1. Show that you can apply the helix-only estimate: for the chain, add -39,500 (n - 2.57) for every DSSP H stretch of four or more residues, divide by all residues, and state [θ] at 222 nm to the nearest 500.
2. If amide hydrogens are placed 1.01 Å from N in the peptide plane, which non-local residues have theirs closer than 5 Å to the one on residue 76?
3. Using 0.36 nm per residue, how much length does the chain from residue 2 to residue 18 gain when fully extended, once their Cα-Cα distance is taken away?
4. How high is the FRET efficiency between residue 180 and residue 267 when r is their beta carbon distance and R₀ equals 22 Å, given to the nearest 0.05?
5. Apply 1/(1 + (r/R0)^6) to the Cβ-Cβ distance of residue 192 and residue 276, taking R0 = 41 Å, and write down the FRET efficiency to the nearest 0.05.
6. Using 0.36 nm per residue of separation minus the Cα-Cα distance, give me the extension gain between residue 237 and residue 75 in nm, one decimal.
7. Based on the mean of other Cβ atoms within 10 Å per residue, sort peptides 121-131, 135-145 so the most packed one is first.
8. For the chain, what is the relative contact order in percent, using Cα pairs closer than 8 Å and at least 6 residues apart in sequence?
Amino acid sequence: MNPFAPLVGQTQAVELLTQAVIKNRVAPAYLFVGSPGIGRSLAAKCLIELLFTESKHRQIINNHPDLLWVEPTYQHQGQRLTIAEAAEKGLKRKAPPVIRLEQIREITQFLSRPPLEAPRQVVVLSDTEKMAEGAANALLKTLEEPGQATLILIAISPDSILPTLVSRCQKIPFYRLEPTAMEQVLKQTGNAAILQNPTILNIAGGSPGQAIAAYQQLQNIPHELLTEVTKKPQSYLQALEIAKQIDKALDTEAQLWLVDYLQQSYWQQGCQPSIIQQLEQARKSLLCYAQPRLVWECTFMGMCV
């Protein structure tokens, strides 16, 4: 069975990685670049499965002793929590998650021993663009002498990480999916309902993962509130009331997502570009930790003018 069979729409990446394994020319380090949600992490898992095929005692990839998967983390009460773990605990953090220096040190320790079962060790660094500067400099030493290992760095673009890291990796590009491929992935993953929501599809822009995440976010917004915010307020009083509802119902992360949704929604309604610009200013203000209610009050009152 082809390990890359689950990966849709990334023909070039599949060909490059497959040929590297067939010809026994697997690089010490790869840089998987492209937008989130288009198959970069899935491709990494497929490559790992191909590399570990010869392992004497194959296990589920996530539990393999020769695999280390590193993700950005939050620091909470002396513990490091991934984004998923923080969400499970219901933690809301203002500071973004990062890959920390201590995580790079754990990679160094992991690679200090020989492979236990597979022909080589594999380390995957997800969202590498979220790596702290000290961690990036420490990783550089590991990339220079990886030993019996292959490192896979996953990032949005080469420009999002240090050039010295990029220069030590073989770049594997990933591209946004065409509509037919998007439809195939969404149907295969049981998310066909998203195909009926053009606003979500426009936000996703060819990324099935982003489409699924956006649709899930949409389900968390009260229907009555969504109806209110997707129509221009008719008065200053209504604008103030909508802002109050948003501030009460949604956390900052959800409010930032709502900005994206409203930009797409108002654009499809043929509204003037000034509204899109006002929403973009709202995003910048929210990212600067301005008081959310005040941000939305100014935004919706500006729409009344």
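Since every read-out is calculated from the coordinates, none of them should be taken as a lab result. What you are looking at is a predicted structure, and each value in this text was computed from that prediction instead of being measured. Neighbour counts are summed over all protein chains in view; Cβ atoms, including those assigned to glycine, are modelled from backbone coordinates with ideal geometry.
1. Working: 14 runs with 152 residues, N = 305.
Value at 222 nm, helices only, nearest 500: -15000 deg cm²/dmol.
2. The answer is 81.
3. Values: separation 16, 0.36 × 16 = 5.76 nm, distance 0.97 nm.
The span from residue 2 to residue 18 would gain 4.8 nm if fully extended.
4. On the way: r = 24 Å, r/R0 = 1.09.
It comes out at approximately 0.35.
5. Values: r = 30 Å, r/R0 = 0.72.
After rounding to 0.05, the efficiency reads 0.90.
6. Numbers: separation 162, 0.36 × 162 = 58.32 nm, distance 4.11 nm.
Extra length from residue 237 to residue 75 when fully extended: 54.2 nm.
7. Details: 121-131: 23.0, 135-145: 16.8.
Ranked by mean Cβ neighbours within 10 Å, highest first: 121-131, 135-145.
8. Numbers: 411 pairs, mean separation 58.9, N = 305.
Once normalised by length, the contact order is 19 percent.
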